[in-house]
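The values are calculated or read from the model by the stated rules, or taken from the named source; none is laboratory data. Keep in mind it's a predicted model, so treat the numbers as computed, not measured. Using ideal geometry, Cβ is built from the backbone for each residue, glycine included, and neighbour counts are taken over all protein chains shown. Note: accessible area is taken over every heavy atom of the protein model, side chains too, but ligands, DNA and RNA are not part of it. Shrake-Rupley method; radii C 1.70, N 1.55, O 1.52, S 1.80 Å.
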Amino acid sequence: MSTRQPPVTPTEQILTDIWRDVLEHDDIGVLDNFFEVGGYSMLMQMVREQITQRIGVRLTLPQLFIHSTIRSCAAFLDGSVPQEEPVTAPRETARSSAPGAPQAGPRETDIAVIGLACRFPDAVDVDQFWGNLVSGVDSVSRFAPKSIPGPGGRTREYVPAGGLLQAPEWFDAGYFDYTPREALLTDPQHRVLLECAVEAIEGAGYDPDRFPGLIGVYAGSSLSTYTEVLRAKQLEDGSITTWDILTGSTSDYLASRIAYKLGLRGPSANVQAACATSLYAVHFAARALLTGECDLALAGGTSVRLPAMLDNYRIGGITSPTGACRPFDAAADGVIGGQGCGVTVLKRLSDAVADGDHIYAVLRGSAVNNDGRDRAGFTAPGVRGQVEVVRAAHHAAGVTPSSITYVEAHGTGTRVGDPIEVAGLNQAFADGEPREHPCLLGSVKGNIGHTDAAAGIAGFIKAVLAVERGIIPPSLHYSEPNPDIDFAAGPFAVATEATPWAPAGLPRRAGVTARGLGGGNAHVVLEQPPAPRPRPESTAEQVLVLSARTPAALDELTARLAARLTADPALDLRDVAWTLQVGRRLHGHRRYAVVRDRPDALRVLAGGAPQRLVTGDRARDGRAVALLVPKGAEEEHVRRWTDLGLHPDLTLDPDSSDAEIRSALDTPGRVFLETGDTGLSARLRKHPQWTGDHIAVTVTDPLAALGELWLAGLPIHWAAAHEQPGRRVPLPAYPFQRQPYLLEAGPPAAPGAVPASAPAAGRDTQQTVSLLFTEMLGLPDVDPGDSFFDLGGDSLVADELMARLGQLLPVELEVRSMYEAPSVRELTALVEERLRDSSVRHG
């Protein structure tokens with residue numbers, strides 16, 4: 001709030017005159033903030049020019065943003081502003097004598113990055129994203145120029161542009177047991193994040209159903225534009241409730257939806273910090289691991305606008321009129337909006353090493369804070385807050401700034417924002433230590449645009465891959481430095497080409513920054529992963545197991561695995577087998593193959609030996625198991641197969657009676673495992689009680705027997721099948737079988753319009769009930785005998801259906817009626833019974 005104090009010193013008087021001239025009004029006090037009395041960045045540049053002309057000092061834009069009142073700016077010009085205290089660099093905690101060298105072992109506070117998944121413009125997965133980054137691909141879409149009114153009645157052209165996802169409305173509803181209606185009512189940015197969460201955790205080599213600890217999830221999203229579509233559609237379709245819109249599109253249910261659909265029992269929290277959202281999520285996830293609140297943590301963010309909208313350019317705004325984001329460049333003129341989603345999986349480093357996880361990078365430390373009031377305005381960035389958050393992250397990481405040789409900056413490509421960010425980095429990295437080479441600087445926003453809530457995770461994934469693979473990708477659209485960036489005052493140089501990264505005497509270390517409108521700052525420090533422990537070579541045969549929800553997905557998954565083995569000859573087959581066995585969610589359609597080596601695996605997966613690629617769809621939980629053992633060997637065989645995860649409830653031998661055989665066959669779906677030459681399997685198949693639901697497996701090849709048992713749905717203790725557990729390795733993601741789910745609002749319904757589900761003349765009760773089933777479940781038709789709950793309904797949808805039924809027919813039913821009469825046929829009978837009772841009472 002302005003106190004309207006008049007100028008006191010000559011410099012204050014000059015600045016007051018300049019402000020009045022530029023802002024075109026006289027009611028200005030020396031304590032007013034320039035940006036709160038009508039100023040913006042372009043006008044600040046005009047102020048700078050007048051200061052240069054009238055005082056003879058050319059200030060940088062960051063200096064003007066920091067000193068955004070007349071009194072502060074005059075004091076700075078007059079030399080009366082206190083100097084920054086010198087930086088005290090944190091002491092390197094590595095126990096090695098070389099500065100910044102890796103420690104002998106992991107610190108207790110080190111966090112491993114073990115899983116990554118993303119969808120960004122021109123990239124459907126992490127590998128494609130990395131390929132685009134290293135190749136310097138600009139993934140921003142540009143459209144025909146448009147014009148807007150400018151000053152003086154003139155028009156100004158701009159290029160609409162944005163980093164857009166490919167088909168974000170396509171979604172595999174069946175994988176997550178969503179009805180079509182539920183999928184349509186769920187914001188696409190929630191759906192994209194849900195799929196990325198599956199890809200990330202499976203990419204880390206973990207099946208949540210079999211993970212022994214707690215898994216947490218921290219995530220955030222951008223403002224939902226789909227909410228507007230849902231509210232407009234609600235005017236046309238009375239079956240869409242406010243509760244549907246709330247749970248389907250607001251960020252409150254983002255993380256908890258992932259926890260529910262993936263079965264995660266650790267903490268789940270929505271994180272909102274504007275553009276810093278997803279890096280805040282990484283910080284909170286790492287802290288949750290260190291405090292023991294969870295043992296595995298997912299963190300990320302999503303930003304998808306549907307229908308797709310490009311940021312409208314306005315004079316004085318932050319959107320680029322030229323359609324390109326140019327971080328740190330002299331021609332930088334604003335941001336480009338982008339869509340995207342990213343998820344990482346984190347784990348305590350000591351646990352990750354012990355469990356043989358693939359470690360992309362080590363997260364050594366992180367910090368978050370806010371700029372507070374020490375900046376030009378609410379949406380303006382500050383310097384002090386950024387300096388403090390970077391120093392805090394270095395302190396948490398136990399590293400010196402000079403040991404960090406790459407920084408993935410926030411780098412939005414705005415004329416003022418980039419200089420302010422680099423000014424802060426210069427201060428934070430001023431540790432006085434000599435550098436042989438500059439610290440390279442980059443920003444992913446030149447490639448994909450500013451992905452808002454997903455911006456932090458985009459930069460994080462880029463830096464993690466750079467740290468792991470030893471290449472720093474180029475920062476796009478940089479040719480000449482922004483004149484307001486004082487690169488000479490710090491250690492930084494912009495990466496202009498893909499650069500091999502192997503600092504002498506140091507591990508690869510990177511900093512990642514994210515800054516949010518409103519003052520939020522986040523910074524993390526990453527380090528290259530520890531080398532895997534040596535181990536002896538293995539030539540043992542392996543059993544590869546694959547499962548999917550549908551036959552088409554199973555075939556695609558098989559092809560993807562073959563492609564990965566072809567593309568990456570360094571993959572150890574035992575690690576591939578181990579990851580498939582323990583690190584994938586189990587589905588009903590299954591396939592296995594016993595293979596000798598990589599060439600053999602490629603031949604079998606490609607269909608070169610079809611009899612060895614065994615497929616089935618008979619997997620079922622809870623099958624009873626009987627062992628068929630040679631006489632006198634019962635104890636030995638039971639112990640061996642119990643170690644492998646089986647729990648036989650009876651054993652049969654060649655002397656077993658017909659009554660014992662008949663009793664065993666009385667159990668539907670029983671699996672009979674013949675572990676020796678007993679002749680019992682043939683005897684069983686000839687028995688009149690043998691059915692197609694029974695399964696007999698004869699152990700001639702132990703690995704093939706395990707494959708057959710797994711095919712039947714029995715849980716296998718895979719560690720007992722290996723001399724030593726393998727390592728988890730990144731393998732192809734699940735091939736989602738997507739379909740488009742997108743509501744598009746039409747014109748508002750006319751007042752008094754009849755709802756779509758109103759009963760037409762002559763429609764009988766079953767037709768009305770059937771119509772409600774299809775409407776509430778989003779299905780084209782339903783079988784009268786199918787259960788509402790088997791079709792994907794739940795108690796909330798059932799409650800809505802009961803309410804709609806009461807609007808259409810003179811009957812009042814409670815939700816529990818759906819459990820008593822869950823099919824169209826049964827509910828119709830119940831409704832007609834109630835209607836008859838009502839008629840009798842009122843007759």
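Looking only at residues of the range 224-241 that are part of a loop (DSSP other than H, G, I, E, B) and open to solvent by less than 30 Å² (accessible area, probe 1.4 Å), we find that the one that is modelled with the lowest pLDDT is 239. Considering each residue of the range 619-633 in turn, none proves to be outside any loop (DSSP other than H, G, I, E, B) and of a type outside the set (A, V, I, L, M, F, W, C). For the range 679-689, a residue qualifies if it is closer than 21 Å to residue 707 by Cα and either at pLDDT 95 or above or in contact with a Leu (Cβ under 6 Å, 6 or more places away or on another chain) (or both), and exactly one does: 680.
So is residue 376 in contact with a Ser or Thr (Cβ under 7 Å, 6 or more places away or on another chain), assigned to a loop (DSSP other than H, G, I, E, B) and hydrophobic (A, V, I, L, M, F, W, C) or not? Show your work before the answer.
Working: in contact with a Ser or Thr (Cβ under 7 Å, 6 or more places away or on another chain): yes; assigned to a loop (DSSP other than H, G, I, E, B): yes; hydrophobic (A, V, I, L, M, F, W, C): yes.
Here the answer is yes, as residue 376 does meet what is asked.
In the range 228-255, the residues that are within 20 Å of residue 269 (Cα to Cα) and among the polar types (S, T, N, Q) form Cβ pairs under 9 Å with partners that are open to solvent by 60 Å² or more (accessible area, probe 1.4 Å) and at pLDDT 90 or above, at six or more places apart or across chains, as follows: 247/253; 251/223; 251/272.
Inside the range 782-800, can you point out the residues that are under 19 Å from residue 829 (Cα atoms) and either open to solvent by 20 Å² or more (accessible area, probe 1.4 Å) or part of a loop (DSSP other than H, G, I, E, B) (or both)? Walk me through how you get there before you give the answer.
In the first step, residues of the range 782-800 are kept if they are under 19 Å from residue 829 (Cα atoms); the result is 782-789, 798-799.
Within the range 782-800, 782, 783, 784, 785, 786, 787, 788, 789, 799 qualify.
With 636, 660 as the choices, which residue is part of a helix (DSSP H, G or I), open to solvent by 60 Å² or more (accessible area, probe 1.4 Å) and closer than 21 Å to residue 704 by Cβ?
Values: 660 fails: closer than 21 Å to residue 704 by Cβ.
Answer to the selection: 636.
Restricted to the range 129-144, and to residues there that are open to solvent by 80 Å² or more (accessible area, probe 1.4 Å) and of a type outside the set (Lys, Arg), the residue that is nearest to residue 474 (Cα to Cα) is 135.
The residues of the range 801-820 that are open to solvent by less than 30 Å² (accessible area, probe 1.4 Å) and among the polar types (S, T, N, Q) amount to a single one, 817. Could you list all residues from the range 641-657 that are in contact (Cβ under 8 Å) with a residue 24 or more places away in the chain and open to solvent by 70 Å² or more (accessible area, probe 1.4 Å)? Selection gives 643, 649, 655. When we screen 739, 724 for residues that are more than 17 Å from residue 615 (Cβ to Cβ), surrounded by fewer than 19 Cβ atoms within 10 Å (Cβ to Cβ) and within 29 Å of the chain's Cα centre (by Cα), the only hit is 739.
For the range 379-413, give me each residue that is within 24 Å of the chain's Cα centre (by Cα), aliphatic (A, V, I, L, M) and not in a helix (DSSP H, G or I). Result: 407, 409. Here residue 542 meets the list (1) within 27 Å of residue 465 (Cβ to Cβ); (2) open to solvent by less than 40 Å² (accessible area, probe 1.4 Å) almost entirely, failing just condition (1).
If a residue must be more than 23 Å from the chain's Cα centre (by Cα) and among the β-branched types (Val, Ile, Thr), how many such residues does the range 336-377 contain? Of the residues in that region, 1 qualify. If I filter the range 593-601 for residues that are open to solvent by 60 Å² or more (accessible area, probe 1.4 Å), of a type in the set (A, V, I, L, M), at negative phi and at pLDDT 95 or above, do I get at least one hit? Within the range 593-601, none of the residues are open to solvent by 60 Å² or more (accessible area, probe 1.4 Å), of a type in the set (A, V, I, L, M), at negative phi and at pLDDT 95 or above.
Against the numbered list (1) of a type in the set (Val, Ile, Thr); (2) farther than 27 Å from residue 493 by Cβ; (3) buried (at least 24 other Cβ atoms within 10 Å of the Cβ), residue 353 comes up short only at (3). Are any residues in the range 594-617 among the hydrophobic types (A, V, I, L, M, F, W, C), under 21 Å from residue 550 (Cα atoms) and under 32 Å from the mean Cα position of the chain (by Cα), and if so, which ones? Listed by number, the residues that qualify are 605, 606.
Take the conditions crowded, with 22+ Cβ neighbours inside 10 Å and not in a helix (DSSP H, G or I) and apply them to residue 524. Does it pass? Judged against the criteria, residue 524 is a match.
Name every residue in the range 5-24 that is at negative phi and part of a loop (DSSP other than H, G, I, E, B), in order of residue number.
Residues of the range 5-24 at negative phi: 5-23.
Within the range 5-24, 5, 6, 7, 8, 9 meet the criteria.
In the range 242-260, which residues are open to solvent by 40 Å² or more (accessible area, probe 1.4 Å) and over 15 Å from residue 184 (Cα atoms)? Hits for the range 242-260 are 252, 253, 256, 260.
For the range 29-43, what are the residues that are within 12 Å of residue 16 (Cβ to Cβ) and part of a loop (DSSP other than H, G, I, E, B)? Walk me through it before giving the result.
Of the residues in the range 29-43, the ones within 12 Å of residue 16 (Cβ to Cβ) are 29-32, 34, 37.
Of everything in the range 29-43, those that are within 12 Å of residue 16 (Cβ to Cβ) and part of a loop (DSSP other than H, G, I, E, B) turn out to be 29, 30, 31, 32, 37.
Looking at residue 351, is it closer than 26 Å to residue 114 by Cβ and either in a loop (DSSP other than H, G, I, E, B) or touching a Gly at 6+ places or on another chain (Cβ under 7 Å) (or both)? Lay out the reasoning, then the answer.
On the way: closer than 26 Å to residue 114 by Cβ: yes; either in a loop (DSSP other than H, G, I, E, B) or touching a Gly at 6+ places or on another chain (Cβ under 7 Å) (or both): no.
No: the conditions fail for residue 351.
Open to solvent by 20 Å² or more (accessible area, probe 1.4 Å), in a helix (DSSP H, G or I) and in contact with a Ser or Thr (Cβ under 6 Å, 6 or more places away or on another chain), is that true of residue 775? So residue 775 passes the test. Among the residues of the range 282-291, is there at least one that is of a type in the set (Gly, Ala, Ser), modelled with pLDDT of 95 or more and under 17 Å from the mean Cα position of the chain (by Cα)? Yes: the range 282-291 contains one or more residues that are of a type in the set (Gly, Ala, Ser), modelled with pLDDT of 95 or more and under 17 Å from the mean Cα position of the chain (by Cα).
Among the conditions (1) in a loop (DSSP other than H, G, I, E, B); (2) in contact with a His (Cβ under 8 Å, 6 or more places away or on another chain); (3) at pLDDT below 95, the only one that residue 138 does not satisfy is (3). Scoring residue 368 on the criteria (1) closer than 26 Å to residue 126 by Cβ; (2) open to solvent by less than 10 Å² (accessible area, probe 1.4 Å); (3) β-branched (Val, Ile, Thr) leaves a single failure, condition (2). The residue of the range 664-711 that is least open to solvent (accessible area, probe 1.4 Å), among those that are of a type in the set (Phe, Trp, Tyr) and more than 15 Å from residue 654 (Cα to Cα), is 710.
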